[in-house]
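A.B. asks: One structure is given below, represented as structure tokens, and several questions about it will come after.
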Amino acid sequence: MGFLGNTYPWVKAAHVIFVIFWMAGLFMLPRFYVYHHAAAPGSAEDRAWIERERRLRSIIINPAMLFVWIFGLMLAFDQDLWSIRWFQAKFATVFLLSGFHGWAVGYGKRMAAGHRAPSDKALRIMNEIPAIATAVVVILVIVRPF
Ligand code: HEM
């Protein structure tokens, strides 16, 4: 038994709860950008999307990501999973997902400053990334294919 002792399942539950909050926010944010893309910079609609995006970032996705990492690292150190293949693959996928989070937050700030991509097609593709990452991570932790 690791250093978490009997609290291990509680920490795992907290981990999964914050995973759900984080993913819910990451599904919403790029979808917001698709709608925001159509609003002219400086318009009332533009300002409304900027405020919605700011709140989603500061109230949901940034704190949720932090707690997912804290609880996830506690579980990983407790079980000493660092040399296990499925965990290494999960860690790499989650690392890339955190990079996507950083890109999405940065893109929202650029949109707030008036930037608009030439088309919203790339934004629609970006929308799929959190869904694909969720499927990969859940298969890795539950099925443990290797
Ligand atoms: C941020 C970095 C993360 C770390 C370091 C981490 C680490 C861990 C660890 C060590 C476990 C316990 C595995 C076990 O008890 O055998 C776990 C469980 C779990 N993680 Fe993560 N995780 C992270 C992010 C995520 C993300 C982003 C997702 C989903 C998209 C996720 C989904 C899950 C699920 C569903 C479980 C429960 C699996 C079970 O029933 O045993 N984790 N995580």
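A.B. asks: At 1.4 Å probe size, with every protein chain present, just tell me what the per residue accessible area of the chain comes to in Å².
C.D. replies: 58
A.B. asks: So if I place +1 on the C-beta of Lys and Arg and -1 on the C-beta of Asp and Glu, and nothing else carries charge, what would the dipole magnitude of the stretch 5-142 be about its Cα centre? I want it in debye, nearest 20.
C.D. replies: That gives a dipole near 240 debye.
A.B. asks: Considering only C-alpha atoms, what is the centroid distance from the stretch 127-146 to the stretch 58-116, in Å?
C.D. replies: 14
A.B. asks: Another question, then. What is the Å³ per residue value for the convex hull set by the Cα atoms of the stretch 48-114?
C.D. replies: 69
A.B. asks: Efficiency by 1/(1 + (r/R0)^6): what FRET value for Asp80 and Ile17, r their Cβ-Cβ distance, R0 = 22 Å, to the nearest 0.05?
C.D. replies: 0.40
A.B. asks: Right, something else. Counting other C-beta atoms within 10 Å, and keeping those with at most 15, which DSSP coil chymotrypsin sites (Phe, Trp or Tyr not before Pro) do you find in the stretch 1-85?
C.D. replies: Phe3, Trp82
A.B. asks: Moving to a separate point now. Select from the chain the helices, each a whole stretch of DSSP H, whose alpha-carbon atoms run 18 Å or more along the helix axis and whose Kyte-Doolittle mean is at least 0.0; answer none if there are none.
C.D. replies: Once both thresholds are applied, what remains is 8-37, 62-79, 85-112, 129-142.
A.B. asks: Within 15 Å, Cβ to Cβ, of Gly2, how many net charges do the neighbouring residues add up to if Lys/Arg are +1 and Asp/Glu are -1?
C.D. replies: Here the count lands on -1.
A.B. asks: Please work out the Kirkwood hydrodynamic radius for the stretch 98-146, using every pair of different C-alpha atoms, and report it in angstroms with one decimal place.
C.D. replies: Hydrodynamic radius (Kirkwood, Cα only) of the stretch 98-146 equals 12.7 Å.
A.B. asks: Another question about this same structure. With runs of 4+ DSSP H residues as the only contributors, calculate the mean residue ellipticity of the chain at 222 nm using -39,500 (n - 2.57) per run, divided by the residue total and rounded to the nearest 500.
C.D. replies: Counting only the DSSP helices, I get -25000 deg cm²/dmol.
A.B. asks: Which three semi-axes in whole Å describe the equivalent ellipsoid of the stretch 5-142, each the square root of 5 times a Cα gyration tensor eigenvalue, listed largest first?
C.D. replies: Equivalent ellipsoid semi-axes, largest first: 33, 16, 10 Å.
A.B. asks: Got a sec? Charge dipole of the chain, +1 on Cβ for Lys and Arg, -1 for Asp and Glu; which of Ala38, Val16, Trp86 is way out at the positive end?
C.D. replies: Ala38
A.B. asks: Please find, in a Gaussian network model of the chain (springs between Cα atoms separated by less than 10 Å), the residue of Asp80, Asp120, Asp46 whose mean-square fluctuation is greatest.
C.D. replies: Asp80
A.B. asks: Length gain on complete extension for the stretch Leu66 to Ala117, per 0.36 nm per residue less the alpha carbon to alpha carbon distance?
C.D. replies: Taking Leu66 through Ala117 to full extension adds about 15.5 nm, to one decimal.
A.B. asks: Counting Lys and Arg as +1 and Asp and Glu as -1, what is the net charge of the other residues whose Cβ lies under 15 Å from the Cβ of Phe27?
C.D. replies: +2
The values are calculated or read from the model by the stated rules, or taken from the named source; none is laboratory data. Just so it is clear, the structure is predicted and the values come from calculations on it, not from any experiment. Neighbour counts are summed over all protein chains in view; Cβ atoms, including those assigned to glycine, are modelled from backbone coordinates with ideal geometry. For the accessible areas, the whole protein counts, side chains as well, though only heavy atoms, and no ligand, DNA or RNA atoms are used. Shrake-Rupley method; radii C 1.70, N 1.55, O 1.52, S 1.80 Å.
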